[in-house]
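The values are calculated or read from the model by the stated rules, or taken from the named source; none is laboratory data. Predicted model only: the values in this text are computed from it and were never measured. No Cβ is skipped: glycine too gets one built from the backbone with ideal geometry, and neighbour counts run over all protein chains shown. Note: areas computed on protein heavy atoms with side chains; ligands, DNA, RNA excluded. Shrake-Rupley method; radii C 1.70, N 1.55, O 1.52, S 1.80 Å.
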Amino acid sequence: MGNFLAGRVVAVTGAGRGIGRAVALAAAGEGARVVVNDYGVSVDGASPASDVASGVVKEIEAAGGEAVAVADDISTMAGGQRVVDTALASYGRLDGVVCVAGILRERMLFNMTEEEWDPVVATHLKGTFTVFRAASAVMRKQRAGTLIGFTSGNHQGSVSQANYSAAKGGIISLVRSAALGLHKYGVTANAVAPVARTRMSANVPFELTEIGEPEDVAAMVVYLLSARAQEITGQVYTVAGPKIAVWAQPRELRAAYASGGWTPETIAEFLPGSVGVDPMPLLSGPGAQ
């Protein structure tokens with residue numbers, strides 16, 4: 001075992017399988033005590049099973065680490081609070097949370113139902129909020145801590161996952177809001193956009209040219225949880241196998257002003273050649289239709 005996270009307490013949601021499991025194992029392997037949260041559902045959010053989280057706890061303990069399981073639904077406020085309360089009850093503090101939990105329900109936008117929209121947004125976006133909200137209250141008092149949300153390159157948009165893309169875009173805004181609001185308390189917030197072989201990536205309808213394993217992503221998360229990354233906040237990082245990349249902060253590209261105000265006619269004459277557009281890469285990239 002290493003000591004990159006020695007003495008720290010970390011909670012990981014969606015930690016029963018895939019990237020979440022890899023993060024939990026890696027954090028424990030670097031000396032952290034880990035709260036393993038997983039509702040134990042299938043990819044579409046059905047059939048919860050508490051033994052999924054417990055199984056990862058057993059793996060950590062077999063390797064000489066410390067962990068505790070919380071088989072709760074973090075899309076509820078009570079579930080998110082229980083993750084944090086379990087850390088405090090078991091280990092007396094909480095130094096980092098990593099929100100990996102997510103589900104998929106794919107459908108074209110014009111066919112998507114409320115039952116396909118709500119659970120996906122609730123698990124990804126609200127599930128990140130519930131844990132961030134509970135954890136940030138603790139970290140603010142400690143004047144230290146790390147919040148890590150999981151987003152996706154699909155925050156740019158998706159052909160058949162408008163629910164997932166909207167949630168992932170929301171997570172980026174939530175992370176940036178947390179970074180701004182908690183900076184003065186010594187708390188950092190960042191997001192990771194992984195490209196790795198998991199149950200969810202198996203559903204991508206085109207070939208991913210850059211992809212790695214869950215363990216590649218876990219290495220970045222462990223770094224962001226460590227004291228070595230305490231000055232990094234408000235960032236979005238992609239991890240795809242050997243590749244690490246940082247996303248640009250949102251900013252205006254071009255602007256124009258009208259002294260007497262705009263009309264539809266003057267906009268039509270002026271906008272195309274002056275303000276223009278910012279090309280959308282996915283319209284001509286992989287998966288474009």
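For the set 247, 262, the ranking by accessible area, highest first and with no ligand, DNA or RNA atoms included, is 262, 247 under a 1.4 Å probe.
Put simply, the C-alpha atoms of the chain give a gyration tensor, and the ellipsoid matching it has half-axes of 35, 22, 18 Å, longest first. Calculated accessible area for the chain comes out at 49 Å² per residue, all protein chains present (probe 1.4 Å; ligands, DNA, RNA ignored). The stretch between residue 180 and residue 266, if pulled fully straight at 0.36 nm per residue, gains 27.2 nm over its current Cα-Cα span. For the range 89-153, applying the loop criterion from DSSP together with a ceiling of 13 other beta carbons within 10 Å to the chymotrypsin sites (Phe, Trp or Tyr not before Pro) yields no site.
Across 182, 282, the residue with the most accessible area heads the list, and the full order at a 1.4 Å probe is 282, 182.
Amide hydrogen proximity for residue 104: with H placed 1.01 Å from N in the peptide plane, the residues at 5 or more positions away or on another chain lying under 5 Å are 44, 45. Dipole of the range 54-175 computed with +1 at Lys/Arg Cβ and -1 at Asp/Glu Cβ about the Cα centre; of 112, 174, 128, farthest Cα towards the positive end is 174.
On the beta carbon distance between residue 118 and residue 51, with R0 = 30 Å, the FRET formula returns roughly 0.65. Membrane-span-like helices in the chain, defined purely by DSSP H runs whose alpha carbon atoms cover 20 Å or more axially and whose average Kyte-Doolittle hydropathy reaches 0.5, are 162-182.
Mind checking which lysines have their C-alpha under 22 Å from residue 126, skipping anything on the same chain fewer than 8 residues away? Filter leaves 168. Once the Cα-Cα distance is subtracted from the 0.36 nm per residue extended length, the residue 59 to residue 252 segment shows a gain of 64.7 nm. Computed on the chain, with alpha-carbon pairs under 8 angstrom and 6+ residues apart, the relative contact order is 16 percent.
If the segment from residue 93 to residue 229 were pulled out straight at 0.36 nm per residue, it would be longer than the present Cα-Cα gap by 47.0 nm. Within the chain, the longest run free of trypsin sites (Lys or Arg not before Pro) that sit in a DSSP loop with at most 16 other Cβ atoms within 10 Å is 1-92.
The Rg/Rh ratio of the range 54-198, with Rg taken over Cα atoms and Rh as the Kirkwood radius over Cα pairs, comes to 1.00. Specify which residue in the list 235, 192, 277 is farthest towards the positive end of the charge dipole of the chain, using unit charges on the beta carbon of Lys, Arg (+1) and Asp, Glu (-1), about the Cα centre. Going by the Cα projections, it comes out as 235. Can you work out the FRET efficiency for the pair residue 274 and residue 142, with r the C-beta to C-beta distance and R0 = 45 Å, to the nearest 0.05? Efficiency computed from Cβ-Cβ geometry: 0.35. Estimated purely from DSSP H runs of n ≥ 4, each contributing -39500 (n - 2.57), the mean residue ellipticity at 222 nm for the chain is -12000 deg cm²/dmol once divided by its residues. Share of carbon and sulfur in the accessible area of the chain stands at 54%, probe radius 1.4 Å.
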